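Reading through the C-alpha cells given below for one structure.
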Amino acid sequence: MKTEMLGRFHRDHVYPKLVSVLGNPKPIQEVRRRILPLAQGDVLEIGFGTGVNFAYYDPGRVSRLYALEPNEAMIRIAERHPFRGAFDVQFLDLLGEQIPLEEATVDTVVSTFTLCTIAAVADALRGIAHVLRPGGRLIFFENTASPDPSVRRWQRWWAPFHHRLFAGLDLTRDIPSSIKAGGFHFEQIETGYLARFPKAWTCCCWGVANLEPA
C-alpha cells in the first residue's frame, strides 16, 4: 500500500514538476524548433504533458489541437501555458494507445518522448494510423536505442531507474523499427546524441513519417 501511495504521489506531484523544469533543455528546444512547425491542420499530440510544444507550433497552420494526456496535474500546468490561448485546444484524457477519435480525423500526429514511454507502443501506432487522414504525417521526437553496443549496455543498466523516474521511459526501445513495423515510412529521420555525456540518456531520433500506401 505504501509503495502504491508513493507511486501515485510521484505521478501526480513530482513527475509533472520534473517534466516542467527539466524536460526542455537547449538541445531539445533546437529539435522542437525544427520539426514542430511542420504540424498542420487538425493536430493530435499524444502525451501532451505540460504543454511545452505550444511554443513551437505555428498557430497559423494548426486548425485544432487535440491534446491527449491522462495526467491531470500535467493538464493543469498546460492550461496555464502562456501560448495556450493561441490554439483551439481539446484535451483528451485517455492513455496514448487508446485514442478516442474517429477514423481519419487528423492531419498530423505529434509524439515527443511518448512512444518511448508507453507500454503498448504497437497498439499506439495502430491507433495513430487509424486516426490519420490520407496523406497525414506523424512527427516524432523520442529516446531510442543506441546503435553503439557499448552505449546500449549502459542503456540497459540505466533502464530500471529511468523507467521509474520518468513514467515508463524505455531507453532500450528501437523507435525507428517500431514506427516502420507500424506501417510507416520515413519522409525524414535523424538520430544522434543530444549531449556528449551521458550518451546512454541522450540517444534520440526525430523526424516525419507517413503511412505506407495500402
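Can you tell which of Ile99, Ile77 is touching a residue at least 12 places away in the same chain (Cβ under 8 Å), over 18 Å from Arg33 (Cα atoms) and in a helix (DSSP H, G or I)?
Values: Ile99 fails: in a helix (DSSP H, G or I).
Every option except Ile77 fails the conditions.
Enumerate the pairs (first residue in region 194-210 and free of Cβ contacts under 8 Å to residues at least 40 places away in the same chain; second residue anywhere and in a strand (DSSP E or B) and buried (at least 21 other Cβ atoms within 10 Å of the Cβ)) with beta-carbon separation below 6 Å, excluding pairs fewer than 6 apart on the same chain, so at least 6 apart or on different chains.
Once the first residue is free of Cβ contacts under 8 Å to residues at least 40 places away in the same chain and sits in region 194-210, no partner that is in a strand (DSSP E or B) and buried (at least 21 other Cβ atoms within 10 Å of the Cβ) comes close enough.
Given the conditions (1) of a type outside the set (Asp, Glu); (2) in contact with a Lys or Arg (Cβ under 7 Å, 6 or more places away or on another chain); (3) within 23 Å of Thr108 (Cα to Cα); (4) not in a strand (DSSP E or B), report the number of the one that Val151 does not fulfil.
Of everything listed in (1) of a type outside the set (Asp, Glu); (2) in contact with a Lys or Arg (Cβ under 7 Å, 6 or more places away or on another chain); (3) within 23 Å of Thr108 (Cα to Cα); (4) not in a strand (DSSP E or B), Val151 misses just condition (3).
For Leu38, work out the one condition from (1) touching a strand residue (DSSP E or B) at 6+ places or on another chain (Cβ under 7 Å); (2) under 20 Å from Glu142 (Cα atoms); (3) at pLDDT below 95 it doesn't fulfil.
The single condition Leu38 does not satisfy is (3).
Can you find a residue that is out of contact with any strand residue (DSSP E or B) (no Cβ under 9 Å at 6 or more places or on another chain), within 22 Å of Ala129 (Cα to Cα) and surrounded by 15 or more Cβ atoms within 10 Å (Cβ to Cβ) anywhere in region 44-62?
So the first thing to find is which residues in region 44-62 are out of contact with any strand residue (DSSP E or B) (no Cβ under 9 Å at 6 or more places or on another chain), and the list is 50, 55-56, 58-60.
Of the ones still in play, those that are also within 22 Å of Ala129 (Cα to Cα) are none.
Scanning region 44-62 turns up no residue that is out of contact with any strand residue (DSSP E or B) (no Cβ under 9 Å at 6 or more places or on another chain), within 22 Å of Ala129 (Cα to Cα) and surrounded by 15 or more Cβ atoms within 10 Å (Cβ to Cβ).
For Arg84, which of the numbered conditions (1) closer than 22 Å to Arg126 by Cα; (2) surrounded by fewer than 19 Cβ atoms within 10 Å (Cβ to Cβ) fails to hold?
Arg84 satisfies all of (1) closer than 22 Å to Arg126 by Cα; (2) surrounded by fewer than 19 Cβ atoms within 10 Å (Cβ to Cβ) except (1).
Which residues, counting only those in region 155-214, are assigned to a strand (DSSP E or B), surrounded by 17 or more Cβ atoms within 10 Å (Cβ to Cβ) and not hydrophobic (A, V, I, L, M, F, W, C)?
If the condition is that a residue be assigned to a strand (DSSP E or B), surrounded by 17 or more Cβ atoms within 10 Å (Cβ to Cβ) and not hydrophobic (A, V, I, L, M, F, W, C), then Tyr193, Gly207 are the ones that fit.
Of these, Phe91, Phe141, which one is buried (at least 18 other Cβ atoms within 10 Å of the Cβ), aromatic (Phe, Trp, Tyr) and closer than 22 Å to Thr50 by Cβ?
Exactly one residue qualifies, and that residue is Phe141.
Can you tell me which of Thr144, Thr117 is among the β-branched types (Val, Ile, Thr) and modelled with pLDDT under 95?
The unique qualifying residue is Thr117.
The values are calculated or read from the model by the stated rules, or taken from the named source; none is laboratory data. These numbers come from a predicted model, not from an experiment. Please note: Cβ atoms are built from the backbone with ideal geometry, for glycine as well, and neighbour counts cover all protein chains shown.
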